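J.: The following block contains the structure, expressed as structure tokens.
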Amino acid sequence: MWRARIQQCLLDPLPNGLPPGWRMLLDGLGYTLVISVLAVALGVVLGTVLAVLRMSRRGWLRWPARLYADLIRGTPVLVQLFIVNFIVFASVQADKWLVATIAFGLNSAAYVSEIVRAGIQSVNPGQMDAARSLGMPGALAMREIILPQAFRNILPALGNEFVVLLKETSVVGFIGGMDLMRMGDIIRSMTYEAYVPLLSVAAIYLVLTLGLSALLQRLEGRLGWGRER
Amino acid sequence: MSLALHASVPAGPGPMVKIVDLHVKFGRHEVLKGIHLEVAPREVLSIVGPSGSGKSTLLHCVNRLQTAHRGHIWIEGVDILAPGVDVNRLRRKVGMVFQHFNLFENKTVLDNVILAPVKLGLLPRAAAVARGLDLLRQLGLAAKAQAWPHNLSGGQKQRVAIARALAMDPDLMLFDEPTSALDPEMVKDVLDAMKDLARGGMTMMVVTHEMGFAREVSNRMVFLDEGLIVEDAPPEWFFNRPQNPRTKAFLEKIL
């Protein structure tokens, strides 16, 4: 009986001229990965800028960054996704994966800015003193000394952010994005069969997140200059 | 701005550092209460005093890592507290060695030494590497050029820090308790490096608890107590005939 269900859901071509389920899930997985990777990249870049702004001595640089983080963290990501899709991109024709990437990138930036801020604060202030004592401008010291050390310290937290984001992108079906979750749901509706597609989707997410955690642990050990304390 | 002015300009050597009525407050607590001090070119000045007396604060004002509340500091004739002064330009000529070394943890020893000269465009990379290796060799660290700071002993770290400061070709060197964080057997290497520097004619301001070093190497000593300089004398006078009762009390405690 299970063999027949798997055959129907994953291996045979689906009704309405759709390809077999495994093909659909693979396509969906591709979208999920593209959206997650690009969004986290956008999040790290924007989040770092926000973090540096939030630590500025100038109030007019500090408060917009702070307001942004508060707004994003205080509203559901699904609402933000809808706002980006139906308001920001209302009159612009854009692929759903791009809309989703931007929405999740903007969302992630707020959380990453908190992480980066904590990372910058974790770097010994003596490092900045030494850089400044050599006549290095603050931005140069930040780029060469402070941020590389901050990123090493926050690598686990950033990896965790990626894992969270990977799972959160499962809502892009709401705006018509064809990600892993959405594909599983299409298979479910085509076959009237819930177990195989949904458990397959869950298993794929699980493999991704666990694999990612293992990868990050290896990467962490690779950065040789790290303090041993 | 003429920070490049050297002590040997025809107008006659002015002081390397001139400090007038320097005040620093931390909140409502006044740490420096009106410091007056001149340091001549090639002079080695030791600054001693009980902890909390403001020694480190004074030193940090000289390269503006600490903001002064009131007063004036001239370095090679330039008023460094004046508005609009290019503080990064000033700092290029004022090297600093810290109590806790503060080596850049994400850079190798050699990269620590050449980073600022290269990134600030003062030397082409190849020239900076050659000079960096030369400095490391002089300080007995030639074998450590490619090592990471966390693999060095404290004494080695501090000598790298000295090399890093010297790579900027400074006119003045500030030492903030350079041996206080070292194991006793490491102290000598660092002090020897500083002696070499002093013999080479470097102008130095040294906050220290090493009375032996102060006596042997410095030309002049000041005793700081509660934010004021209360004794200012050559070492032999300072140790043998201190004038101020607080200096006497301090010396009795530590010698």
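The values are calculated or read from the model by the stated rules, or taken from the named source; none is laboratory data. The structure displayed is predicted, hence computed values, not measured ones. Neighbour counts run over all protein chains shown; Cβ positions are idealised from the backbone, glycine included. We work out accessible area using only protein heavy atoms, side chains counted, and drop any ligands, DNA or RNA first. Shrake-Rupley method; radii C 1.70, N 1.55, O 1.52, S 1.80 Å.
J.: More than 31 angstrom separation, counting every C-alpha pair in chain B; what % is that?
T.: The calculated P(r) of chain B puts 24 percent of pairs beyond 31 Å.
J.: Starting from the Kirkwood Rh over alpha-carbon pairs, what translational D in µm² s⁻¹ does the stretch B:106-255 have by Stokes-Einstein at 37 °C and 0.692 mPa s?
T.: 195 µm²/s
J.: When the gyration tensor of the stretch A:100-229 is built from Cα positions, what are the square roots of 5 times its three eigenvalues, in whole Å, from largest to smallest?
T.: Value: 41, 17, 8 Å, ordered largest first.
J.: Put +1 on the Cβ of each Lys and Arg and -1 on the Cβ of each Asp and Glu in the protein assembly as shown; which of B:Leu152, B:Phe104, A:Gln8 then has its Cα farthest toward the positive end of the dipole?
T.: Looking along the dipole axis, the top candidate is A:Gln8.
J.: Now, a different point. 222 nm [θ] for the protein assembly as shown, helices only, -39500 (n - 2.57) per DSSP H run of 4+, per residue, to 500?
T.: After summing the helix terms and dividing by residue count, I get -16500 deg cm²/dmol.
J.: Which entries of B:Lys55/B:Lys195; B:Lys188/B:Lys248; B:Lys157/B:Lys248; B:Lys93/B:Lys248 have Cα-Cα distances beyond 30 Å here?
T.: B:Lys157/B:Lys248; B:Lys93/B:Lys248
J.: Taking Rh as the Kirkwood radius, which is the inverse of the mean 1/r over Cα pairs, what is the Rg/Rh value for the protein assembly as shown?
T.: Radius of gyration over Kirkwood radius for the protein assembly as shown works out to 1.16.
J.: Still on this structure, I have one more. Please sort by residue number the trypsin sites (Lys or Arg not before Pro) in the stretch A:52-157 whose DSSP state is loop and whose Cβ has at most 11 other Cβ atoms within 10 Å.
T.: Hits after loop and neighbour filter: A:Arg57, A:Arg58.
J.: When all C-alpha to C-alpha distances in chain A are sorted into bins of 5 Å, what percent of pairs does each bin hold, rounded to whole numbers?
T.: Calculated P(r), rounded to whole percents: 1, 6, 12, 14, 15, 13, 12, 9, 6, 5, 3, 2, 1, 0, 0.
J.: Still on this structure, please answer the following. Which one of B:Pro242, B:Leu45, B:Ala193 is farthest out on the positive end of the charge dipole of chain B, using unit charges on Cβ (Lys, Arg +1; Asp, Glu -1) and the Cα centre as origin?
T.: So the residue we want is B:Ala193.
J.: So, one more: I'd like the distance between the alpha-carbon centres of the stretch B:44-72 and the stretch B:198-231, rounded to an integer number of Å.
T.: Using only Cα atoms to place each centre, the spacing works out to 13 Å.
J.: Rg and Dmax of the stretch A:1-134, using alpha carbons, in Å: what are they?
T.: 21.6, 74
J.: For B:Lys33, which aspartates and glutamates qualify as cross-link partners when the Cα separation must be under 14 Å and same-chain residues fewer than eight apart are set aside?
T.: In chain and number order, the partners are B:Asp21, B:Asp225, B:Glu226.
J.: Still on this structure: Please give the helix A:96-122 orientation as an angle from the longest Cα principal axis of chain A, in degrees from 0 to 90, rounded to the nearest 10.
T.: Between helix and principal axis, roughly 30 degrees.
J.: Here is a follow-up. Can you pull the mean other chain C-beta count within 10 Å for peptide A:134-144?
T.: 6
J.: Return an integer: the convex hull volume of the alpha-carbon atoms of the stretch B:94-179, in Å³ per residue.
T.: Considering the Cα atoms of the stretch B:94-179, their hull volume per residue is 83 Å³.
J.: Once both axes come from the Cα atoms, what is the angle between helix B:125-138 and the longest principal axis of chain B, in degrees from 0 to 90, rounded to 10?
T.: Orientation of helix B:125-138: about 60 degrees from the principal axis.
J.: Over the protein assembly as shown, give the accessible area per residue in Å² for a 1.4 Å probe, as an integer.
T.: So the protein assembly as shown comes to 48 Å² accessible per residue, rounded to a whole number.
J.: Further question: Where the Cα atoms of the stretch B:10-91 are projected onto their three principal axes, how long is each span, largest first, in whole Å?
T.: 44, 30, 20
J.: Indicate the residues belonging to the stretch B:96-128 that lose 20 Å² or more of solvent-accessible heavy-atom surface (probe 1.4 Å) upon moving from the chain alone to the assembly of all protein chains, ignoring ligands and nucleic acids.
T.: B:Phe98, B:Asn102, B:Phe104, B:Glu105, B:Asn106, B:Lys107, B:Leu115, B:Ala116, B:Lys119, B:Leu120
J.: Using only Cα atoms, tell me the angle between helix A:195-222 and the longest principal axis of chain A; keep it within 0 to 90° and round to the nearest 10.
T.: Orientation of helix A:195-222: about 30 degrees from the principal axis.
J.: Determine the share of the stretch A:1-110's accessible area contributed by carbon and sulfur atoms, expressed in whole percent, with a 1.4 angstrom probe.
T.: C and S atoms contribute 69 percent here.
J.: Could I ask something else about it? Taking both sides together, what accessible area is buried at the A/B interface, probe 1.4 Å, expressed in Å² and rounded to the nearest 100?
T.: Heavy-atom accessible area buried at this interface is about 2100 Å².
J.: Under unit Cβ charges (Lys, Arg +1; Asp, Glu -1), what dipole magnitude, rounded to 20 debye, does chain B have relative to its Cα centre?
T.: Magnitude of the dipole: close to 480 debye.
J.: Next question. Could the peptides B:122-133, A:19-30, B:163-174 be put in order, highest first, of the mean number of other beta-carbon atoms found within 10 Å of their residues?
T.: Those peptides, ordered most packed to least, come out B:163-174, A:19-30, B:122-133.
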